[in-house]
Amino acid sequence: MIEERFAALAATMRDLTALAPRIEAWGRHLAEVLGAGGRLLACGNGGSAAEAQHLTGELVGRFVHDRQPLSAIALHADTSAATAIVNDYGDQEVFARQVRAHGRTGDVLVALSTSGRSQNVCAAAKTAHELGMTTWALTGPGPNALAAICDDAVVIEAPSTGTVQEAHLAVIHGLCAALDQALGVPS
């Protein structure tokens with residue numbers, strides 16, 4: 001069983017190499033946005049929330065080498081705001097309301113959903129569009145609603161949620177490496 005999981009991951013990672021130019025382009029765009037004082041917002045549920053927080057942690061902290069901290073917020077991480085929003089507005093608004101609060105024209109939203117159908121993540125992407133933000137999706141197999149409504153998407157065609165999440169982490173690390181390269185951070 002473990003061998004099958006590793007084989008599925010290896011096949012997914014081989015397929016992911018074809019997406020390197022897209023991830024590098026995302027990194028260059030993000031370097032322009034964050035270098036000009038913009039912000040990255042990230043959202044997801046469950047494991048995707050953990051991946052969103054991993055991404056923002058790499059930006060506010062550092063990926064490999066030291067650099068200036070970059071503005072990045074994982075929308076699920078403010079538990080007081082999130083639970084108040086769910087209580088007052090419902091779970092579908094938990095991320096969208098925070099996008100309205102923190103997002104500005106030109107900022108970037110990275111929306112993660114292994115299914116591509118998470119209603120609260122899709123609502124955040126729609127709100128980000130209304131604000132003039134760039135929206136990128138990291139999803140599992142397509143076609144799916146989230147990939148369809150975002151400006152661009154990395155769609156992982158993998159047999160299991162775990163493999164999708166593992167590939168998302170590789171994409172996040174690739175994005176961070178591309179961002180740092182575009183910012184001129186030594187590799």
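Condition (residue is over 20 Å from the mean Cα position of the chain (by Cα), part of a helix (DSSP H, G or I) and under 30 Å from A158 (Cα atoms)) applied to the range 13-23: is it met by at least one residue? Looking for residues that are over 20 Å from the mean Cα position of the chain (by Cα), part of a helix (DSSP H, G or I) and under 30 Å from A158 (Cα atoms), one finds at least one in the range 13-23, hence yes.
Among the residues of the range 157-187, those identified as surrounded by fewer than 19 Cβ atoms within 10 Å (Cβ to Cβ) and assigned to a loop (DSSP other than H, G, I, E, B) are E157, P159, S160, G184, V185, P186, S187. Filtering the range 38-69 to residues that are more than 10 Å from the chain's Cα centre (by Cα), open to solvent by less than 40 Å² (accessible area, probe 1.4 Å) and touching a residue at least 60 places away in the same chain (Cβ under 8 Å) leaves G38, G47, E58, L59, R67. Being closer than 24 Å to A10 by Cβ, open to solvent by 50 Å² or more (accessible area, probe 1.4 Å), at pLDDT 95 or above and not hydrophobic (A, V, I, L, M, F, W, C), is that true of even one residue in the range 147-156? No, the conditions are met nowhere in the range 147-156. Scanning the range 72-106 for residues being open to solvent by 20 Å² or more (accessible area, probe 1.4 Å) and within 15 Å of A128 (Cα to Cα) gives a total of 10. Of everything in the range 107-133, what is open to solvent by 30 Å² or more (accessible area, probe 1.4 Å) and either closer than 22 Å to G37 by Cβ or without any contact (Cβ under 8 Å) to a residue 24 or more places away in the chain (or both)? Give them in sequence order. H129, E130, L131, G132, listed by residue number. Would you please name the residue that is nearest to L138 (Cα to Cα), looking only at residues in the range 61-118 that are of a type in the set (A, V, I, L, M, F, W, C) and assigned to a strand (DSSP E or B)? Filtering first and then ranking leaves L112.
Checked against (1) touching a helix residue (DSSP H, G or I) at 6+ places or on another chain (Cβ under 6 Å); (2) within 22 Å of L169 (Cα to Cα); (3) of a type in the set (A, V, I, L, M, F, W, C), I85 passes all but a single condition, namely (2). Taking A137, is it part of a helix (DSSP H, G or I) and either among the small types (G, A, S) or at negative phi (or both)? In short, no.
The values are calculated or read from the model by the stated rules, or taken from the named source; none is laboratory data. Keep in mind it's a predicted model, so treat the numbers as computed, not measured. Note: ideal-geometry Cβ built from the backbone for every residue, glycine included; neighbour counts use all protein chains shown. Surface accessibility is based on the protein's heavy atoms, side chains included, excluding ligands, DNA and RNA. Shrake-Rupley method; radii C 1.70, N 1.55, O 1.52, S 1.80 Å.
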